[in-house]
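*Asks:* Pasting a structure here, questions to come.
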Amino acid sequence: MAAYEETDVLVIGAGPGGAGIALKLARAGVKVVCLEQGPWVKPSEHPHYHDEWELEKQRGWAYDPNVRQLPEDYPVTGTTTPYMMNNVGGSTVHYAGHWPRYKPVDFRKGTEHGLEGTIDWPISYEDLAPFYDENDEIYGISGRIGDPSYPDRKQAVRDPEVLPGKLGLKYAKASRDLGWHWWPSDNAIITVPRENREADQAMGNELSGSPTGSLSTPANAHWPYAIRAGADLRTLARVETINADGGKATGATYVDRLTGRRHEIRAKIVVLAANGIGSPRLLLQSAQKGHPDGLANANGIVGKYLMHHVFAFCDSWFDEPIEGFKGAFGAPLYSHEFYHTDVSRGFVNGFGMQVARSFGPAYAAMGTHTGYTAPWGAEHREFFDGHFANHLMVFMFGEDLPVESNRVTLDPDVTDSSGLPAAHVDYALHPNDVALAEYGIEKIFEATRAVGAVETNDTGVLYPPPGWHLMGTCRMGNTPDDSVLNKWCQTWDVPNLFVVDGSTLTTGAAVNPTSTIGALSQRTGEYILRNVDHITAQRTTPSNADAPTM
Amino acid sequence: MNNALGEKPAPYGAPETTATPGEAGGFFETGRPRLGGLQEPVRFTDLQAAVIDAAADTLIPPHPRWPTASELDLVTFVGRYVTPSGYRTKHFPFAEEDAFTAGLDRLGQAFVDGSPDDRTAAIAALEQAEDPLFEQLRALVYYGYYSRPVVTLAINRNLPAGRDYHGPPLPYGYLQTTEPWDEELLTQAQEHGSYLETDEVVRVDLSQLSWTK
């Protein structure tokens, strides 16, 4: 018996990047193996049916793996709160499901300002638009077509939008009265049932996932179908090294976390999709003969240009019911009034105002999103009664510049439970990001005060930012000098090694990244499907101009 | 059932004993910590339980229209979320049994017998000293109190904003009581917003940036 197994395409990571490609390739009859270090998350693990659901958000459903410390998690040291999950479906198993797209300008920020490490994407919005539509249909997206701040997307399939409640209506009216843009959000939350998935019941708390399947994640939208089509998904399979020989990737070696045994899989093509921290970590820890500084890292760019978005949480309270505990968490609406660069404000880039929901009474007592903890003792009752469910939170959500020194490296002093080195993050806020965020906080409170907010509180510019979004660390670019990937997500150094996840994103825009990661996954899957023979015959990665077309 | 290393699973809901699986304690983790905390709560002495109840009534003082904290068996709730002696304190609120009970013992009978003002002074002293016991007690009492079904009923009764709150998000959700969009608002929304086409993107004037000055 051979000491290794063989497959056509090996995918590493079962989140949005890997799942999209695995589904597409498996349906086309390609032999696919996917290695995922985490397990399936069972419906019974979600806290939504429990009285203690709010406390459980801090424990097994903590966003940060350094806090959660489940067996499948790995440590991330440095200046970061990396809000990732390691399981089938990746971090979408605990996301809000807010599902905006990039705008055309977001692919041309190098042209617009080129500050720090900012470059143009090697593709345009128009190149990606059909794959956004294709990806949306797989996930199941609710929302309303017609936002005037985006190009037309009449082909996109949508369930009816989630209900706004008093909270959504309040901020919509504030935006309207100020003459600002606003629009009901697209959400990866279905409002019409699908096979094996229940429609949203306006339950909230999607940040602890959804036991009913109402939250669209690859765990329910992709994997059941990819497996049905023949994909081999191996859970608890933690990749140790991506192997290479003669300038080509040959596959990977993984540790079976149940037995501790190592296995090798060889493949014609390897797709890395382990998120914006996990993917550079794996490339760096795959240093080997011919690749002394890590795989696909001859230019030293792997891990650099990490982006998280710049955030501030802005709480407002009213003297009337807002009922933020009701409704799908994703977001009822957003305002992109300040999305575009206006240099008269003193900074480039822009921000979105993303209206969030609240949680329950313990969340109100413990200080909502801004650490405004209810006093204990004699003042407790009056404070709680005046604040619970009179609360409206808006995320100030801005584009951060890609800065070379914001990066992921390996921490040799800390290891995961398989003995593999932890990831280490260095991240500092750029003055442009701070100026942008401070302006954004003011604008959000301008809106809530205009509709009667009686009290406000904010976090200031958060540092480190909440690391929901892990982007840019293996970015697509224009030449081997400015990036890790060509325009088809192929690594410049190793032609049969692709990277598709948040690390692929050249710039971060001011929107949640998952719909764009999914669209890139569809596009890359289609490219591999159409060019598999060409790719496997390549000795070097072609330039963007010379690469075969779709 | 043991794992491949011959370890036994840790007691349900308890984290492993060491940071490195396969070493020392000989337990492995079964995954996510148990919902609801420990299946077998940490047991407190009668005096420690009385201290927890007295602290609960000090943090959330009794009120005629609200359930009294000390009558809600928060002692058992606290026992479910304290890490048992001998196990690594991995999960919120990061309270380890030995240190936690030692803190309760320090408050002791004097705290239980004290007047409301005495108890307030004692809790304030913990807060002032940044004793971890303060944040652990406050978190456990706030999370415990506001997760009890009788408190949910009081919220429904007492607070207009909480009239429809029903505790856990499921199985009921809030579909029947959440307002839909207003068609007039949606029509108005079409009037604001624009975007740049790809070929309209040009260099901006970087001399106006405030942070470079």
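*Asks:* Within the stretch B:148-157, restricting attention to residues that are touching a residue at least 60 places away in the same chain (Cβ under 8 Å) and either within 9 Å of chain A (Cβ to nearest Cβ) or hydrophobic (A, V, I, L, M, F, W, C) (or both), which residue is surrounded by the fewest Cβ atoms within 10 Å (Cβ to Cβ)?
*Replies:* Kept after step one, since they are touching a residue at least 60 places away in the same chain (Cβ under 8 Å), are these residues of the stretch B:148-157: B:148, B:150-151, B:154, B:157.
Filter once more, so that each one left must be either within 9 Å of chain A (Cβ to nearest Cβ) or hydrophobic (A, V, I, L, M, F, W, C) (or both): B:148, B:150-151, B:154.
Details: B:ARG148: 20, B:VAL150: 12, B:VAL151: 21, B:ALA154: 17.
Checking each candidate, the answer is B:VAL150.
*Asks:* Okay, next question. Which residues, counting only those in the stretch A:454-495, are among the hydrophobic types (A, V, I, L, M, F, W, C), buried (at least 21 other Cβ atoms within 10 Å of the Cβ) and over 22 Å from the mean Cα position of the chain (by Cα)? Before the answer, list the steps.
*Replies:* First, the residues of the stretch A:454-495 that are among the hydrophobic types (A, V, I, L, M, F, W, C): A:454, A:461-462, A:468, A:470-471, A:474, A:476, A:484-485, A:488-489, A:492, A:494.
Then drop every residue that is not buried (at least 21 other Cβ atoms within 10 Å of the Cβ), which leaves A:468, A:470-471, A:474, A:476, A:484-485, A:488-489, A:492, A:494.
A:TRP492, A:VAL494, listed by residue number.
*Asks:* Moving to a separate point now. Across the stretch A:67-89, what is the total count of residues that are farther than 23 Å from A:SER521 by Cβ and away from every other protein chain (no Cβ under 11 Å)?
*Replies:* 6
*Asks:* In addition: Return yes or no: is A:THR479 assigned to a loop (DSSP other than H, G, I, E, B), within 30 Å of A:ASN299 (Cβ to Cβ) and touching a helix residue (DSSP H, G or I) at 6+ places or on another chain (Cβ under 6 Å)? Give the steps one after another, and end with the answer.
*Replies:* On the way: assigned to a loop (DSSP other than H, G, I, E, B): yes; within 30 Å of A:ASN299 (Cβ to Cβ): yes; touching a helix residue (DSSP H, G or I) at 6+ places or on another chain (Cβ under 6 Å): no.
Here the answer is no, as A:THR479 does not meet what is asked.
*Asks:* Can I ask one more? Sort out which residues of the stretch A:185-207 are at the interface with chain B (Cβ under 10 Å from one of its Cβ atoms) and within 22 Å of A:ALA389 (Cβ to Cβ), and write them in order of number.
*Replies:* A:ASP200, A:GLN201, A:ALA202, A:MET203, A:GLY204, A:ASN205, A:GLU206
*Asks:* Does B:ALA139 satisfy the condition of being over 21 Å from the mean Cα position of the chain (by Cα) and either without any contact (Cβ under 8 Å) to a residue 24 or more places away in the chain or in a helix (DSSP H, G or I) (or both)?
*Replies:* On the way: over 21 Å from the mean Cα position of the chain (by Cα): no; either without any contact (Cβ under 8 Å) to a residue 24 or more places away in the chain or in a helix (DSSP H, G or I) (or both): yes.
It is false that B:ALA139 is over 21 Å from the mean Cα position of the chain (by Cα) and either without any contact (Cβ under 8 Å) to a residue 24 or more places away in the chain or in a helix (DSSP H, G or I) (or both).
*Asks:* Those residues that are closer than 17 Å to B:HIS192 by Cα and either more than 7 Å from chain B (Cβ to nearest Cβ) or in a helix (DSSP H, G or I) (or both), I need them from the stretch A:156-179; list them, please.
*Replies:* Within the stretch A:156-179, A:LEU169, A:TYR171, A:ALA172, A:LYS173, A:ALA174, A:SER175, A:ARG176, A:ASP177, A:LEU178 meet the criteria.
*Asks:* Among the candidates B:ARG88, B:ARG32, single out the residue that is crowded, with 21+ Cβ neighbours inside 10 Å and at pLDDT below 95. Before you say what the answer is, go through the steps one by one.
*Replies:* Values: B:ARG88 fails: crowded, with 21+ Cβ neighbours inside 10 Å.
Only one candidate passes the filter, namely B:ARG32.
*Asks:* While we're here: May I ask you to list the residues in the stretch A:385-442 that are part of a loop (DSSP other than H, G, I, E, B), more than 23 Å from the chain's Cα centre (by Cα) and more than 12 Å from chain B (Cβ to nearest Cβ)?
*Replies:* Filtering the stretch A:385-442 for residues part of a loop (DSSP other than H, G, I, E, B) gives A:388-390, A:399-406, A:416-420, A:427-430.
Pick out the ones that are also more than 23 Å from the chain's Cα centre (by Cα) and you get A:388-390, A:417-420.
Passing the criteria: only A:LEU420.
*Asks:* Would you point out the residue of the stretch B:35-58, among those that are closer than 29 Å to A:PRO47 by Cα, modelled with pLDDT of 90 or more and of a type in the set (Asp, Glu), that is surrounded by the fewest Cβ atoms within 10 Å (Cβ to Cβ)?
*Replies:* B:ASP57
*Asks:* Another question, if that's okay. For the stretch A:298-325, give me each residue that is assigned to a loop (DSSP other than H, G, I, E, B), in contact with a Leu (Cβ under 8 Å, 6 or more places away or on another chain), of a type outside the set (Gly, Ala, Ser) and surrounded by 24 or more Cβ atoms within 10 Å (Cβ to Cβ). Steps first, please.
*Replies:* Taking the stretch A:298-325 and keeping what is assigned to a loop (DSSP other than H, G, I, E, B), we get A:298-306, A:308-309, A:318-325.
Okay, now just the ones that are also in contact with a Leu (Cβ under 8 Å, 6 or more places away or on another chain), so A:302-303, A:306, A:308, A:318, A:322-324.
After this cut, where a residue has to be of a type outside the set (Gly, Ala, Ser) as well, the list is A:302, A:306, A:308, A:318, A:322-323.
Selection gives A:VAL302, A:LEU306, A:HIS308, A:ILE322, A:GLU323.
*Asks:* Still on this model: Which one of these is under 23 Å from A:ALA365 (Cα atoms), of a type outside the set (Asp, Glu) and surrounded by fewer than 16 Cβ atoms within 10 Å (Cβ to Cβ): B:PRO116, B:PRO93, B:PRO61? Reasoning before the result, please.
*Replies:* Details: B:PRO93 fails: surrounded by fewer than 16 Cβ atoms within 10 Å (Cβ to Cβ); B:PRO61 fails: surrounded by fewer than 16 Cβ atoms within 10 Å (Cβ to Cβ).
Going through B:PRO116, B:PRO93, B:PRO61 in turn, the sole match is B:PRO116.
*Asks:* Next question, about the same structure. Scan the stretch B:169-213 for residues that are outside any loop (DSSP other than H, G, I, E, B), touching an Asp or Glu at 6+ places or on another chain (Cβ under 9 Å) and under 30 Å from A:GLU112 (Cα atoms) and jot them down.
*Replies:* Matches in the stretch B:169-213: B:ALA189, B:THR198.
*Asks:* Take the residues of the stretch A:367-384 that are touching a residue at least 40 places away in the same chain (Cβ under 8 Å) and at negative phi: which is nearest to the other protein chains (Cβ to nearest Cβ)? Reasoning before the result, please.
*Replies:* Narrowing the stretch A:367-384 to residues touching a residue at least 40 places away in the same chain (Cβ under 8 Å): A:368-372.
From what is left, the residues that are at negative phi are A:369-370, A:372.
On the way: A:HIS369: 16, A:THR370: 16, A:TYR372: 13 Å.
Checked the stretch A:367-384; the qualifying residue nearest to the other protein chains (Cβ to nearest Cβ) is A:TYR372.
*Asks:* Just a yes or no: is a residue in the stretch A:17-33 under 27 Å from the mean Cα position of the chain (by Cα) and in a strand (DSSP E or B)?
*Replies:* yes
*Asks:* Does the stretch A:115-123 contain any residue that is closer than 29 Å to A:ALA226 by Cα and at pLDDT 95 or above?
*Replies:* First, pick out the residues of the stretch A:115-123 that are closer than 29 Å to A:ALA226 by Cα: A:123.
Filter once more, so that each one left must be at pLDDT 95 or above: A:123.
Checked against the condition, which is being closer than 29 Å to A:ALA226 by Cα and at pLDDT 95 or above, the stretch A:115-123 yields at least one hit.
*Asks:* Here is a further query. Output yes when any residue across the stretch A:104-111 is outside any helix (DSSP H, G or I), more than 22 Å from B:GLY36 (Cβ to Cβ) and modelled with pLDDT of 95 or more, and no when none is.
*Replies:* Kept after step one, since they are outside any helix (DSSP H, G or I), are these residues of the stretch A:104-111: A:108.
Next, from what is left, pick out any that are more than 22 Å from B:GLY36 (Cβ to Cβ): A:108.
Now narrow it down to the ones that are modelled with pLDDT of 95 or more: A:108.
Looking through the stretch A:104-111, at least one residue is outside any helix (DSSP H, G or I), more than 22 Å from B:GLY36 (Cβ to Cβ) and modelled with pLDDT of 95 or more.
*Asks:* When you check A:LYS103 against the structure, is it under 19 Å from the mean Cα position of the chain (by Cα) and more than 30 Å from A:PHE325 (Cα to Cα), yes or no?
*Replies:* Working: under 19 Å from the mean Cα position of the chain (by Cα): yes; more than 30 Å from A:PHE325 (Cα to Cα): yes.
Spelling it out, A:LYS103 is indeed under 19 Å from the mean Cα position of the chain (by Cα) and more than 30 Å from A:PHE325 (Cα to Cα).
The values are calculated or read from the model by the stated rules, or taken from the named source; none is laboratory data. All of these numbers come straight from a predicted model, not from anything done at the bench. Note that each Cβ is placed from the backbone with ideal geometry, even for glycine, and that neighbours are counted across all protein chains shown.
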